[in-house]
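Have a look at the structure below before the remarks.
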Amino acid sequence: MTSHQSNGTSNGDVEAQVNEKSNLLSSPVKPEDARLMYLEKDEAASRGFHENRAFTEEPHQKGGGFLKAVIFGGLDGILTSFAIVAGATGGSLSNNVVLILGFSNIFADALSMGVGEFLSSKAHNEWVLKERSREKWEMDNYPEGEIKEMVEIYVSKGMSIKDAELVI
């Protein structure tokens, strides 16, 4: 007699406790669990997540859309301010001061916009690729769940089930 049988626990109870780490089978599935399962590469938990979820679309990071503007604006402001201060310090309060301030500001704005756009685009692309990597991992490990999720997304946007299945 096993310890599960001796304490009155049935095989069904044991199955309900299969994934204690994420508690997917014994408690409600939370949308945040998908990211945790991906990070831990927990295939069984990911499968359970897709089978037991009570929502249509799993959540993805939303903050990535602001990265580009924050990085761009921050770099632009810092470099422009530095150029104005450096120009004023380097000037001799003559006509040259205006030229120095003007050219240094133009130079700093151009540099900051170029570097800011590059870095913000790079950060945004890294974020998109990370989300794509997670979706690919989920598709590789539980394609049925991902296909079902995509059909549900299309249906929630007004497409018929038949058309959604055809598209997928």
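The dipole here belongs to the range 110-168: it is taken about the Cα centre, uses +1 on the Cβ of Lys and Arg and -1 on the Cβ of Asp and Glu, and is about 220 debye.
Given the convex hull of the Cα atoms of the range 91-138, what is a quarter of its surface area in nm²?
Value for the range 91-138: 3.4 nm².
Pairs over the 23 Å Cα-Cα cut-off, from the set LYS41/LYS136; LYS130/LYS162; LYS122/LYS157: LYS130/LYS162; LYS122/LYS157.
Per the 1.4 Å probe, what fraction of the accessible area of the range 66-168, in percent, lies on carbon and sulfur atoms? Exposed carbon and sulfur together represent 70 percent of the surface.
The values are calculated or read from the model by the stated rules, or taken from the named source; none is laboratory data. Keep in mind that what you see is a predicted model, and the values were worked out from it rather than measured. Neighbour counts are summed over all protein chains in view; Cβ atoms, including those assigned to glycine, are modelled from backbone coordinates with ideal geometry. Areas reflect the complete protein model, heavy atoms only, side chains present, ligands, DNA and RNA absent. Shrake-Rupley method; radii C 1.70, N 1.55, O 1.52, S 1.80 Å.
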